Amino acid sequence: MTLHAGPPLIRFEGVAKAFGRNVIFSDLTIDVFNGENLVIMGGSGTGKSVMLKCLIGLLTPESGSIWYRDEEITAMTEVEQIQVRRHIAYVFQQAALFDSMTVYENIAYPLRAHLKLTEDEIGERVALNLARVGMPDTEQLMPAQLSGGMRKRIGLARAIALEPEVILWDEPTTGLDPSNTRRIAELILKMQAELKCTSLVVTHDMTAAMLVADRVALVYDRKIASVLPKERLAAEPPGSLIKSFVEGTLDL
């Protein structure tokens, strides 16, 4: 994709976030552009998932601002933030399926909560999204009957049920074998192509990161310390922050 085409879709400006004395961010600043896959990397505990949760209003920064299009999320009421979440889907690390509901009911849940559809229309939307993630005809299965990789794909089907503009992926390949890791990476690229969506992908998995990224951002020292197009990573000089992280030599 062509980066920096037009104004940013999402903007973090000087965001600070702490939990008590534990300062997560002191000056988090980055632009995210329409249609790109931005991979967010960093050591454990550096706040990558916190960044995503601040974007959808699950956590509130102490200072700074977060913008979605021309709307400041950090200045919204909770009701206003709920409306924004219809356009920003969150794919949780553990899929976060409702264990007492079938696959069908899990995917139908956001459709019933946010849209006025007939049951036939809901059924069509559920079937469409199961087909998108390569799991047709699984509507009547229970989450306990699914493998880890299957649960993540069902979690994605639920996340895209409302046809979001942005998808937030929180460690989408954690605990998966190489085959399922590649399958999830292919799904991220498929969503970019089919839904024309923007993705923020938090991951430690360099294989997945290199498969899906348009740009790579490094969270380090309580801020975005480096952000580069993927194709420039190989040309980074030895000792640069992001090259050191990728090579496993950065002191975290």
Relative contact order of the stretch 94-163 (C-alpha contacts under 8 Å, at least 6 apart) in percent is 50 percent
With the charge dipole of the stretch 160-252 built from beta-carbon charges (+1 for Lys and Arg, -1 for Asp and Glu) about the Cα centre, the Cα from Leu162, Pro229, Ile184 projecting farthest to the positive end belongs to Pro229
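Please give the net charge around Leu38, taking every other residue with its beta carbon less than 9 angstrom from that of Leu38, where Lys and Arg add +1 and Asp and Glu add -1. Kindly include the intermediate steps, with their values, before the conclusion.
Numbers: positive: Arg215; negative: Glu36, Asp214.
Neighbour charge sum, excluding Leu38 itself: -1.
When a footprinting reagent is the concern and you count Cβ atoms within 10 Å, what order do Ser179, Ser240, Ser226 take, fewest first? If you can, show how the numbers build up before the last one.
Numbers: Ser179 8, Ser240 15, Ser226 18.
By the 10 Å Cβ count, ascending, the order reads Ser179, Ser240, Ser226.
Let me have the relative contact order for the chain, percent, based on Cα pairs under 8 Å that are six or more residues apart. Spell out each step's value before the answer.
Working: 442 pairs, mean separation 62.3, N = 252.
The normalised contact order for the chain reaches 25 percent.
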Note, Val219: beta-carbon cut-off 13 Å, +1 each Lys/Arg, -1 each Asp/Glu, net +2
Comparing Ala213, Ala75, Ala234 in a Gaussian network model of the chain (Cα, 10 Å), the one with the largest mean-square fluctuation is Ala234
What number of lysine-lysine pairs in the chain show an alpha-carbon separation below 17 angstrom, given a sequence spacing of 8 or more or placement on distinct chains?
-> 8
Residues meeting the amide H criterion for Tyr90 (H placed from the backbone, H to H distance under 5 Å, 5 or more places apart or on another chain) are Leu168
Which percent of Cα pairs goes in each bin when the distances of the stretch 94-163 are cut into 5 angstrom slices starting at zero?
-> 4, 20, 35, 25, 13, 3, 0
Per-residue Cβ contact counts at 10 Å, fewest first, order Arg222, Arg21 as Arg21, Arg222
Please turn the phi angles of the stretch 99-111 into ³J(HN,Hα) values with the Karplus equation 6.51 cos²θ - 1.76 cosθ + 1.60 (θ = phi - 60°), one per residue in order, whole Hz, x for glycine and proline.
-> 5, 8, 10, 5, 4, 4, 5, 4, 6, 6, 3, x, 5
With the calculation restricted to Cα positions, what are the radius of gyration and Dmax of the chain in angstrom?
-> 18.2, 58
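Could you list Met76, Met51 in order of exposure, starting from the residue whose Cβ has the fewest other Cβ atoms within 10 Å? Show your work: numbers first, answer last.
Working: Met76 16, Met51 27.
Placing the least packed residue first, the sequence is Met76, Met51.
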In whole µm²/s, the translational diffusion coefficient that Stokes-Einstein assigns to the stretch 192-234, given a Kirkwood hydrodynamic radius over C-alpha pairs, 20 °C and 1.002 mPa s, equals 186 µm²/s
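Here, each number is a calculation from the coordinates, and none is a lab measurement. If you're wondering where the values come from, they're calculated on a predicted model, not measured in any experiment. Reconstructed Cβ throughout: ideal geometry from the backbone, glycine too, with neighbour counts over all protein chains shown.
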